[in-house]
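Laboratory data are not the source of any read-out in this text; all were calculated from the coordinates shown. Here the structure is a predicted model, which is why all the values come from computation and not from measurement. In this analysis, Cβ positions are derived from the backbone assuming ideal geometry, glycine residues included, and neighbour counts consider all displayed protein chains.
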Amino acid sequence: MARPAKEGLSYFPLDVKIFENEKVEAISGEFGLKGELIVVKLLCTIYEKGYFVLWNELLKMKLLKRLPGVSKDMLESVVNRLVLWEFFDKALFDSSEILTSISIQDTYFEATKRRKIQKPSLYVINVDRNLSSTVVNDDINQQSKVNESKVNESKLNEISNTTDNEKSVKDIYRFYESNGFGTLAPKTMEDFDYWINDFKKIGATESDAIELIIFAMGFAVDYNKRSYGYTNKVLKDWEQKRYLSVADAKAGQLHKKMQAAEKEHSKISENDLPDWG
């Protein structure tokens, strides 16, 4: 079996003057050495996963385990400061609770440009920009300062016009990570987006498609098969049967149970026949 494609980085370059950066110095001034350590741990966590992370309860708890002596309030306060000062992209954080930045993405795509994988587009801030920079972080490397406010206009419009359905997509991510499936990888997030589009293509509304995906994960939980692979198989089956809503999936389950009951009843009836031999 082929080795799975690596998504994150094993290491990333860190500017030797990171702690002299004005935003990191401000964090240090308010939170001390613990604040500086939080900044580095956040960067390590992001690059370990790829080029962004979902800032949710699961991630907070994992980081707190790796940061002895740091309280949850301190961790959240540091992140809020970094977002406010645009160390992380504020628009993406406000709309989707995502921690990333243009420079983080530059570093990631530069480091992975030789990998034979399709370039991801999920939560990419400026998909049309040429990635010629080798900047580690624009807030760390002052020699290659990039203005993070110059993001792609269409992406900003997409983020600012967040709809209820788009918020429901976050419910998919929350359900996944709060029900034992593990931490969401960028590839899995993209796959969920593809599933929404696939169900829409056969006639489902976006809201129904999202509810179907969550219902499929619930189905996996009921059978103690907490993995994207199992959920994917369920969704493929439902797509082939052209289920357009949770009601269709429930009706399909009921029909299957009735068929199984009839089959079992038929076996019992046959066993009750007298032996004419």
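Things to note:
- Loop-located trypsin sites (Lys or Arg not before Pro) in region 1-102 whose Cβ has at most 12 other Cβ within 10 Å (DSSP): 6, 17
- Shape analysis of region 1-61 places it in the oblate category; the axes a ≥ b ≥ c from the Cα gyration tensor give an a/c of at least 1.5, with a/b not above b/c.
- Distance (nanometres) between label positions extended 7 Å along Cα→Cβ at residue 67 and residue 241: 4.5
- Whether region 182-265 is rounded, prolate or oblate, judged on the alpha carbon gyration tensor where a/c under 1.5 counts as rounded: oblate
- Among 91, 32, 54 - extreme Cα towards positive end, dipole of region 1-126, charges at beta-carbon: 54
- Restricting region 1-85 to chymotrypsin sites (Phe, Trp or Tyr not before Pro) in coil, as DSSP defines it, with at most 13 other Cβ within 10 Å: 11
- Pairs beyond 32 Å (Cα-Cα), from 65/90; 72/200; 113/170: 72/200
- Within region 205-245, the chymotrypsin sites (Phe, Trp or Tyr not before Pro) that combine a DSSP coil assignment with at most 10 other C-beta atoms in a 10 angstrom radius are 223.
- In a fully extended conformation the segment linking residue 40 and residue 227 would gain 64.3 nm over its present Cα-Cα distance, using 0.36 nm per residue.
- Semi-axis lengths (Å, descending) of the ellipsoid that matches the C-alpha gyration tensor of region 40-103: 18, 13, 10
- The stretch between residue 253 and residue 77 holds 58.7 nm of extra length on full extension. This uses 0.36 nm per residue minus the Cα-Cα distance.
- Region 194-242 - charge dipole about Cα centre, Lys and Arg +1 at Cβ, Asp and Glu -1, debye rounded to 20: 200
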